[in-house]
Structures are given as C-alpha cells and as structure tokens.
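Enquirer: One structure, pasted below without further comment.
The values are calculated or read from the model by the stated rules, or taken from the named source; none is laboratory data. Since we're looking at a predicted model, the values are computed, not measured. Glycine also receives a Cβ, built like all others from the backbone with ideal geometry; neighbour counts cover every protein chain displayed. Accessible surface areas use protein heavy atoms only, side chains included; no ligands, DNA or RNA. Shrake-Rupley method; radii C 1.70, N 1.55, O 1.52, S 1.80 Å.
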Amino acid sequence: MALLLRHSRKLRRVHGVLDCERGSIARHFSVAAAKEDAVSSSSVHGEYGKKVGRSSIFLHRQSEKDLHTFKVSSREARGSYSSKRMPIAATGVNSLFSCGQVVSARHFSSGADLPPHEAIGMPSLSPTMTEGNIARWVKKEGGKVSPGEVLCEVETDKATVEMECMEEGYLAKIVCGDGAKEIKVGEIIAITVEEEGDIEKFKDYKASSSPSAESKPQSEPVEPKEEKKEVSKAPEPTATKTEESSQSGDRLFSSPVARKLAEDNNVPLSSLKGTGPDGRILKADIEDYLSKGSKKEAAAAPGLGYVDLPNTQIRKVTANRLLQSKQTIPHYYLTVDSRVDKLIKLRSELNPMQDASGGKKISINDLVIKAAALALRKVPACNSSWMNDFIRQYHNVNINVAVQTEHGLFVPVVRDADKKGLATIADEVKQLASRAKDNSLKPEDYEGGTFTVSNLGGPFGIKQFCAIVNPPQSAILAIGSAEKRVIPGAAEGQYEIGSFMSATLSCDHRVIDGAMGAEWLKAFKGYLEDPTTMLL
C-alpha cells in the first residue's frame with residue numbers, strides 16, 4: 001500500500017481501496033507543520049469502509065478545524081497527479097491491510113512492458129497444506145472473470161477444492177496449467193488484469209518466484225546472500241572430519257546429518273554429487289536422492305519388471321502424518337471382546353422401519369459410532385488432545401470415520417455424534433463415504449474430529465488389528481469382524497453359540513493412562529452388549 005500512495009500512476013486505483021467511486025485520499029497538514037513543510041499524518045478518507053480479510057477498516061475522520069486538507073478524488077487520481085513533492089507516511093494504511101490471509105497480490109510494473117496486474121498464488125486451503133496440484137482450470141486464458149466464479153479446481157492434501165475469483169477482470173495468463181503438480185503455497189499460478197487490452201502483454205510471462213518474493217526489490221536479497229555464503233564457509237574445517245574416499249580416490253565431504261541419514265537408508269555417498277560448498281554433500285542431497293530413487297539399484301536387477309505409481313497429495317500427507325504419529329506418540333493398545341447378539345438383533349428390528357420410512361439402512365458400524373460417542377461422553381478424559389503445556393478436553397464429540405478409496409485414506413467427521421440418532425448417523429456416514437470416494441470432500445467434512453473409528457471387520461473380515469493414532473487426537477478404535485463362538489450355557493454341561501466382536505483401542509499414553517483407557521472400553525462394551533441403553 002505504501003507504493004500505492006507514493007506513485008501517481010497507482011492513485012487511479014483508490015476506488016479499489018475504498019470500494020466506492022466517491023472515496024478519496026486525504027492528506028492532512030497541521031497549521032504548524034505546514035510552515036515547516038512537514039507532513040503530520042495521512043489517512044484514507046471516504047464515506048465508506050471496506051472489509052479486508054476478517055477485519056474491517058474503520059476510517060478515522062480527523063477534525064479539520066486546525067487542518068488544511070488536500071484531497072484527491074478517485075476520478076482525479078486517474079489523471080496525471082503527482083505526489084513526488086509531498087511524500088506520505090503510510091504506516092497507518094499498511095496496518096489496515098495486514099490482516100487476513102492474502103493469496104494474491106497486485107504488482108505494478110516499473111517498466112512499460114507489463115501493465116498493472118494481479119498475481120494469484122496457490123492458496124492454503126487446509127491447515128496442513130504446504131503444496132497443491134491443479135486438477136483443471138474452469139476458466140480459460142483471455143476469459144472474463146467475476147467475483148465468486150470458480151477459477152480452477154485445486155487438489156489439496158485432503159480433497160479437491162474449487163478456487164473462486166476474488167476480483168473482476170480478465171484471466172491474462174495461466175502459469176500452472178491442468179495437472180500441474182507440487183505447487184508450493186503462495187507460488188504464482190495465474191495472472192489477471194483489469195483491462196482486456198492488457199491480456200496480450202502477458203503472452204510470454206513467466207513467474208520465477210512467489211508473489212511475495214516478486215514484489216521485493218531486486219537489490220534487497222544481495223546482502224543476505226553474502227551472509228549465507230559466509231555462514232556456509234564457516235563450518236568447512238569441520239567437514240574434513242566427515243569425509244570418505246570414493247572409488248576414484250577423491251575425497252568426499254559430507255555434513256554429519258547427511259552422513260547419518262545416508263547410513264540409515266543405505267545410500268552410498270560416492271553415488272551423489274554434493275550441492276554444498278566445494279561439492280559437500282548436504283542433507284538435502286540425500287533427501288533428493290531418496291525421493292527420486294536410485295537408478296543404480298534398478299540397473300542391478302535388469303530382469304525385474306516394475307511400474308512406478310505416482311503418489312497423490314492425500315497419500316503423501318497421510319504417510320507423513322502416520323510416520324509422525326508413530327515416532328512421536330507413545331502408543332499402547334487395549335483389546336476387548338464384546339458379545340453382540342443383542343446388537344445384531346436390534347439392527348434387524350430397526351432396518352425394516354428404516355425401509356418403510358425411506359431412510360438408509362443402519363449398519364453395525366453406525367451402532368459402533370454411536371456407542372463410541374456415548375462412551376466418550378461418559379469418560380470425557382478420552383476426548384482430549386495433548387498440547388505440550390496442557391491437555392485440551394473437548395466438549396463436542398466429533399467422530400472421524402476411516403474410509404478407504406482409490407485416492408487414499410479419508411477420515412470424514414460426524415459432528416456431535418453423541419447427540420444424533422442412529423438414522424441420522426447412518427445417513428451422514430453414507431453421504432460422507434460417497435463424497436470421499438468421489439474425491440469431493442470439503443474441509444469442513446474432515447476437520448474438527450476428536451476421536452476416530454476404523455472398521456476393517458465388516459468390509460474385510462479382519463478379526464483384530466491395531467490402528468495408528470490420528471494426531472492431534474489421543475485415541476483411535478479398531479473394530480474387527482464378529483465371529484460365532486461356542487460358550488458355556490446357563491446350566492452345567494450345556495453350551496450355546498454367541499457372536500463376539502473384537503475392539504482394540506490405541507491410546508496416546510501422554511493423555512490416556514491405562515486405567516482410563518480400560519474404563520472407556522468398559523463403557524463402550526456395555527453399550528454394545530446392551531444396545532437399548534443407547535436409546536435412553
């Protein structure tokens with residue numbers, strides 16, 4: 001915004017700041033300061049304010065009793081007015097626009113080759129998103145765009161989300177086309193302009209950096225680069241301690257972290273070319289080698305046929321989160337077998353009523369979700385998260401349900417499951433599972449869960465398994481299949497057949513102690529074995 005106020009060629013966009021044609025930029029000079037030709041303050045002056053991000057700009061009207069006011073209307077600002085003689089302190093204006101998450105930035109060219117334009121960056125569409133893919137562009141280059149219209153579909157770490165346009169104009173250039181992969185958050189993906197005649201000037205436009213980096217003067221990064229070189233040269237003497245000889249007799253230098261990472265993954269340092277000073281092998285070189293795979297290892301088995309399947313964003317994020325969970329969360333497991341004959345009977349009695357009313361059939365998993373939610377309400381300590389300095393206990397019982405799809409593992413959430421009826425839970429679960437398989441889940445469909453249920457028994461017949469805790473949650477319930485067992489009857493020498501189902505609770509020991517987890521499983525088992533209590 002400082003540039004907007006200092007250069008006359010940008011003042012014609014004042015109506016974009018004030019969101020009205022009647023707005024103006026007002027410069028106020030105190031009587032005393034005017035004699036010294038000094039500026040006392042500057043403010044954005046107009047009849048209307050404009051919301052930016054989640055905050056509103058409240059325009060401060062200073063008293064003009066002791067002020068000489070010089071105003072430039074938005075219409076006059078479009079002309080040849082120049083502000084070079086009277087510089088303005090624009091810190092107050094900058095603070096007004098510092099709120100909210102900005103995913104696009106307006107750049108003004110210093111030369112005549114590029115007109116004023118807006119660079120649209122890859123937005124952050126979920127809390128864990130660091131990069132995304134372009135599924136497809138809905139708008140085409142040269143087409144007109146309006147606020148609220150869908151520009152493109154972005155594949156995030158969770159689902160495919162529609163990205164909407166924020167301002168009216170024309171899509172001058174698509175920097176990252178359909179199918180573009182691994183685009184960092186903030187990296188430029190498109191350029192828009194306000195005038196249709198400016199489209200042709202961006203025909204050969206190429207983005208070399210993110211919007212934030214592009215807007216910085218080129219002279220600024222020079223000094224930091226020199227500092228980085230000095231920092232990197234400092235540890236060179238210690239690098240001689242971590243060296244080895246290659247087959248050709250040359251010494252290979254590597255950082256201790258890179259050497260440790262190479263040893264853990266059986267990576268031969270002689271097969272790498274370091275990118276550090278004097279060819280020193282860094283940690284990034286090892287990680288790049290592991291991500292791309294070793295061509296020499298593939299050549300060692302010429303008769304082995306294989307195919308490389310690219311990982312989707314959801315699979316990459318799932319892998320990282322599960323690895324983090326297993327490495328940082330102290331897991332322990334509790335297993336209990338519950339007799340579910342009454343549960344199966346209740347389901348067989350409810351489903352005919354569901355068919356008559358046109359509702360979805362109730363599954364065993366729906367009953368499990370309800371029982372788990374009620375058990376969490378009964379033992380709220382298990383409905384918590386580890387927050388380092390404290391344990392956060394949630395008032396809402398939101399159950400994530402694991403759904404396997406061809407795109408990866410999704411965990412949509414059933415909110416306030418303890419307060420909903422079985423018919424509502426059954427309907428929501430089926431709708432969420434359908435959207436997960438279509439890869440059309442929205443962020444609100446999978447965020448905010450406090451507990452997770454994973455069922456491999458019904459669909460796959462798995463008897464018992466241990467699931468990995470889904471952070472930041474502190475527990476996950478793994479449900480196995482129901483099996484018939486012969487058990488002793490009421491009278492001596494008599495036997496009967498009962499259906500038993502295995503349930504394993506994986507717990508974060510930092511939050512849930514063993515006795516606490518056992519108490520939760522006892523409550524959960526009680527609801528399964530006497531399901532009519534869930535209806536009370």
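Enquirer: Considering only region 179-204, how many residues are among the small types (G, A, S) and either free of Cβ contacts under 8 Å to residues at least 40 places away in the same chain or touching a helix residue (DSSP H, G or I) at 6+ places or on another chain (Cβ under 7 Å) (or both)? Lay out the reasoning, then the answer.
Expert: Let us first name the residues in region 179-204 that are among the small types (G, A, S), namely 179-180, 186, 190, 197.
Applying the additional criterion that residues be either free of Cβ contacts under 8 Å to residues at least 40 places away in the same chain or touching a helix residue (DSSP H, G or I) at 6+ places or on another chain (Cβ under 7 Å) (or both) yields 186, 197.
Of the residues in that region, 2 qualify.
Enquirer: Taking the stated definitions as given, is N388 farther than 23 Å from L536 by Cα, open to solvent by 70 Å² or more (accessible area, probe 1.4 Å), part of a loop (DSSP other than H, G, I, E, B) and at pLDDT below 95?
Expert: Numbers: farther than 23 Å from L536 by Cα: yes; open to solvent by 70 Å² or more (accessible area, probe 1.4 Å): yes; part of a loop (DSSP other than H, G, I, E, B): yes; at pLDDT below 95: yes.
For N388, the condition - farther than 23 Å from L536 by Cα, open to solvent by 70 Å² or more (accessible area, probe 1.4 Å), part of a loop (DSSP other than H, G, I, E, B) and at pLDDT below 95 - is met.
Enquirer: Quick one: count up the residues across region 489-536 that are assigned to a helix (DSSP H, G or I) and aliphatic (A, V, I, L, M). Steps first, please.
Expert: Within region 489-536, the subset assigned to a helix (DSSP H, G or I) is 514-529, 531-535.
Still in the list and also aliphatic (A, V, I, L, M): 515-516, 518, 521, 523, 528, 534-535.
Of the residues in that region, 8 qualify.
Enquirer: Within region 147-170, how many residues are over 29 Å from Q404 (Cβ atoms) and either more than 26 Å from the chain's Cα centre (by Cα) or touching a residue at least 40 places away in the same chain (Cβ under 8 Å) (or both)?
Expert: Qualifying residue count, region 147-170: 5.
Enquirer: Still on this structure, I have one more. Can you report the number of residues in region 262-278 which are of a type outside the set (S, T, N, Q), open to solvent by 40 Å² or more (accessible area, probe 1.4 Å) and over 32 Å from the mean Cα position of the chain (by Cα)? Walk me through how you get there before you give the answer.
Expert: Here is the first cut: in region 262-278, the ones of a type outside the set (S, T, N, Q) are 262-264, 267-269, 272-274, 276-278.
Now restrict to residues that are open to solvent by 40 Å² or more (accessible area, probe 1.4 Å): 263-264, 268, 273, 277-278.
Okay, now just the ones that are also over 32 Å from the mean Cα position of the chain (by Cα), so 263, 268, 273, 277-278.
Total satisfying the criteria: 5.
Enquirer: Being closer than 13 Å to A372 by Cα and open to solvent by less than 50 Å² (accessible area, probe 1.4 Å) is the filter here; which residues of region 404-419 pass it?
Expert: V414, D416, A417, D418 - these are the residues of region 404-419 that are closer than 13 Å to A372 by Cα and open to solvent by less than 50 Å² (accessible area, probe 1.4 Å).
Enquirer: Out of region 430-452, which residues are surrounded by fewer than 16 Cβ atoms within 10 Å (Cβ to Cβ) and among the aromatic types (F, W, Y)?
Expert: Answer for region 430-452, where residues must be surrounded by fewer than 16 Cβ atoms within 10 Å (Cβ to Cβ) and among the aromatic types (F, W, Y): there is none.
Enquirer: Now for a different question. Step by step: first the residues of region 279-302, then only those that are more than 23 Å from E182 (Cβ to Cβ) and at pLDDT below 75, then the one that is most open to solvent (accessible area, probe 1.4 Å). Which residue is that?
Expert: First, the residues of region 279-302 that are more than 23 Å from E182 (Cβ to Cβ): 279-281, 296-297, 299-302.
Checking which are at pLDDT below 75 leaves us with 296-297, 299-302.
Details: K296: 144, E297: 118, A299: 72, A300: 82, A301: 41, P302: 118 Å².
Within region 279-302, the match that is most open to solvent (accessible area, probe 1.4 Å) is K296.
Enquirer: Of all residues in region 147-173, count the ones that are among the β-branched types (V, I, T), modelled with pLDDT of 85 or more and open to solvent by 30 Å² or more (accessible area, probe 1.4 Å). Give the derivation first.
Expert: Within region 147-173, the subset among the β-branched types (V, I, T) is 150, 154, 156, 160-161.
Among the residues that remain, those that are also modelled with pLDDT of 85 or more are: 150, 154.
Of the ones still in play, those that are also open to solvent by 30 Å² or more (accessible area, probe 1.4 Å) are 150.
Result for region 147-173: 1.
Enquirer: So if I check each of I476, I425, which one is outside any strand (DSSP E or B) and either over 19 Å from the mean Cα position of the chain (by Cα) or at negative phi (or both)?
Expert: Checking each option against the conditions leaves just I425.
Enquirer: For residues that are β-branched (V, I, T) and surrounded by fewer than 15 Cβ atoms within 10 Å (Cβ to Cβ), scanning just region 491-536, find the one that is farthest from K419 (Cα to Cα).
Expert: Taking region 491-536 and keeping what is β-branched (V, I, T), we get 497, 504, 511-512, 532-533.
Remaining after also requiring surrounded by fewer than 15 Cβ atoms within 10 Å (Cβ to Cβ): 497, 532-533.
Numbers: I497: 34, T532: 16, T533: 14 Å.
Among residues in region 491-536 that are β-branched (V, I, T) and surrounded by fewer than 15 Cβ atoms within 10 Å (Cβ to Cβ), the one farthest from K419 (Cα to Cα) is I497.
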